[in-house]
1. Against the condition part of a loop (DSSP other than H, G, I, E, B) and within 7 Å of another protein chain (Cβ to nearest Cβ), how does residue B:242 come out, does it pass?
2. Can you tell me how many residues in segment C:186-199 are surrounded by fewer than 22 Cβ atoms within 10 Å (Cβ to Cβ) and within 12 Å of chain B (Cβ to nearest Cβ)?
3. Scan (1) at pLDDT 75 or above; (2) more than 10 Å from every other protein chain (Cβ to nearest Cβ) for the single condition residue C:203 breaks and write down its number.
4. Of (1) surrounded by fewer than 18 Cβ atoms within 10 Å (Cβ to Cβ); (2) over 22 Å from the mean Cα position of the chain (by Cα); (3) assigned to a helix (DSSP H, G or I), residue B:176 satisfies all except one. Which?
5. So residue B:279 passes all but one of these: (1) part of a helix (DSSP H, G or I); (2) surrounded by fewer than 21 Cβ atoms within 10 Å (Cβ to Cβ); (3) more than 8 Å from every other protein chain (Cβ to nearest Cβ). Which condition number does it fail?
6. What is the residue count in segment B:115-137 for residues that are assigned to a helix (DSSP H, G or I), facing chain C (nearest Cβ under 10 Å) and surrounded by fewer than 14 Cβ atoms within 10 Å (Cβ to Cβ)?
7. Kindly evaluate residue B:234 against the criterion of being more than 13 Å from chain A (Cβ to nearest Cβ) and under 18 Å from residue A:106 (Cβ atoms).
8. What is the residue count in segment A:230-250 for residues that are outside any loop (DSSP other than H, G, I, E, B) and either out of contact with any helix residue (DSSP H, G or I) (no Cβ under 8 Å at 6 or more places or on another chain) or closer than 24 Å to residue A:192 by Cβ (or both)?
């Protein structure tokens, strides 16, 4: 599998007049191949959404600095001129966003929002575009698609809106699809359907999918490989099985341990990760997770751990990873 | 949607009813009674008695009001004291002039205001943006007659003399006026120089009248665009790789102009009242100037009739704007 | 206006949350309308300071007119030097020159500010009082009282502002009082709607529901909690309305509605007189205009910056 998309040491800084810079993303590297689904997991504020927006070139121009490299099919997206990037977006690179209601233009019809992509990138118009739009809606599982074309976002249910957004995103069979929390705003039952839909599309079209989420259950469901992010950097990277069965980073184990399990005793206390995401220190000179880490060593406060290969099966950024035996106890089979 | 329209139309009735009642009572409450008002300086007891019987002012108030209403519905508002023609005919003779002026002002305000507001918002924080904010603040504070004076002085007299300073048409120009809309008339009768001249006469008063609405429109457009630009659906549109023009037109402006269109109704009110002052400064023979003249001439039938008609027009325009909002925003339409 | 007992309890963080201080007043200040933070924002705001300075200038000039004006505004000092179309302009003795009757323009402008201030303040106060009363009734009681008040407001709003003022003033006769009353009536529906809207929004908020649940009397709720929290937009509007009142007053006197004595200096009327001599002596028209703009601008700037300072959604 050739690497389709490679992100290398991508930092994103937000600057504001009179205030210190905010480093939303501190240097992220990961890659995705065709047909592969890669997960980007982290809490809110970990920088996962910002990473994807930076890749797509959707961050505001002013007050934002992006560094590093984001290679797509041999070209560095970060160095492309604006109109070249605009041509790629929607056609080869596509994104699905979190809240389907606010992500849709409320005053124009669903049909128009689909056909405009077809018009722009596939040169279709009029009846041809509408027919294709109806077909796309059907593919994503929206019943009675021809009628839906004329309807407006507020007339559709949450699940249908998200499907419509997915239809818009895959209309031109993109090679890379980024889904930013596609199921967070939806009911649990709909979540599963949407994930199935994404999985099906990916298999059919060989799309590379980057799935951004804070929900480990989602990750376990469809990701082939997983990147765990904390405070703007990746702290653990492994394939699904390895991550869930043998998590080595204290943050990852903490996440897994904090999820209540159906088969555990009812009176077992919950084990949240101590502290809060704001108890963090910059990555420059230390491990950002150190203030909350139960396995903290002195070196964790003085030296940033590097993302290093660990046993050939994962990348790990930690001075004192969880020992194998302990991690097996915590690890769980992914929820299906 | 239809129900919405009908409901709003029905609301019109009590409003106009209340307005006519208020006006009626108001005028009857004049010191000395309406008879004294009608007579003005020629007020003697005998004349008053005569007027009273002539106008049926000795009958009970509700009878008077009923008669007034009956005539109002037939658009009979009596006769002007100063010109001795019917109030209605005076109104409709002059209304086209005011409509032309108001349209000119509105076209100016929207045509310049929306793009300016849009670009100010897109270039947030730059010189253009700050200048627009300050400009629009000044615009709403400056009284319309100041602007009228300023333009008149600068471009029609004191400094440059490029544009006419009064009237609708050069008095030396002979032209026919089938519709009384001078610009249109010239086009209809192929007297193009008349059209052009009428247009020239509209420029200065139009600019003066339209500046305040311009300031308001810039303000609202800018604020609306600033809001909309941060909306998720604009980001989606960008993510789809749509062209800049498409994003701007279909996604940003379509939504940003919603709040702007709701103020058009308000602007009409500003334009109508501003017309009174502007027409006076430019001696523009429209409804506004006639109202100003009627004030000094104490021409109460004219005041009463004109005010009622203008109010009706204003309420109707607001109604139309409300209805059109339903057309533009499908969330309102399809409840 | 924070009373003790249930009022104080509710104002505390026990019931904190949505609706408690939508205007950023802070949990302890359920009775206050301008919080400390807003005040701080205001003080650093250059626009606000400029506005305040202009307002202060205007008010001081009006109050101290007899001390500031070099001549009697009604005294035609240079009558002898007047020829048609030729009025002595700026000079050392007459900083702004002289008008067509030979009266010192500077003194007339200074004294003219008194009229404008008077009319502006009185008209806005009356409009404010009337509007607040109506708005309070509508907002506090709801139901048919609300509908009735709103119908009245609709009728008043059926006429564009200036037109309404003209109608009223024309009918009341030409005097300063009629202008004041006319403008007041134009202001009433604005305040009424504003207060009513504000109160209605507040009524549905959580802290009011909580208060009723606890058993606080309706009147106490209205006056002690809802009203103070609804005041901020009203204060902003009052400032802006003052600006409008000054402009409208000038417009009405321009149209001749302020009374018949042409000697009394009044900015609007000075404008009307100056119209004939626009080419010969444009300053006679521009000077009163600029005076009006300065006075109105001061209040507008102040009002706008107040609005920004009090807006919880303050956006940079």
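The values are calculated or read from the model by the stated rules, or taken from the named source; none is laboratory data. Not measured: the values here are computed from a predicted model. Note: ideal-geometry Cβ built from the backbone for every residue, glycine included; neighbour counts use all protein chains shown.
1. Here the answer is yes, as residue B:242 does meet what is asked.
2. Residues that pass the stated criteria total 0.
3. Unmet for residue C:203, out of (1) at pLDDT 75 or above; (2) more than 10 Å from every other protein chain (Cβ to nearest Cβ): (1).
4. (3)
5. (2)
6. Qualifying residue count, segment B:115-137: 1.
7. So residue B:234 does not fit the description; no.
8. Result for segment A:230-250: 12.
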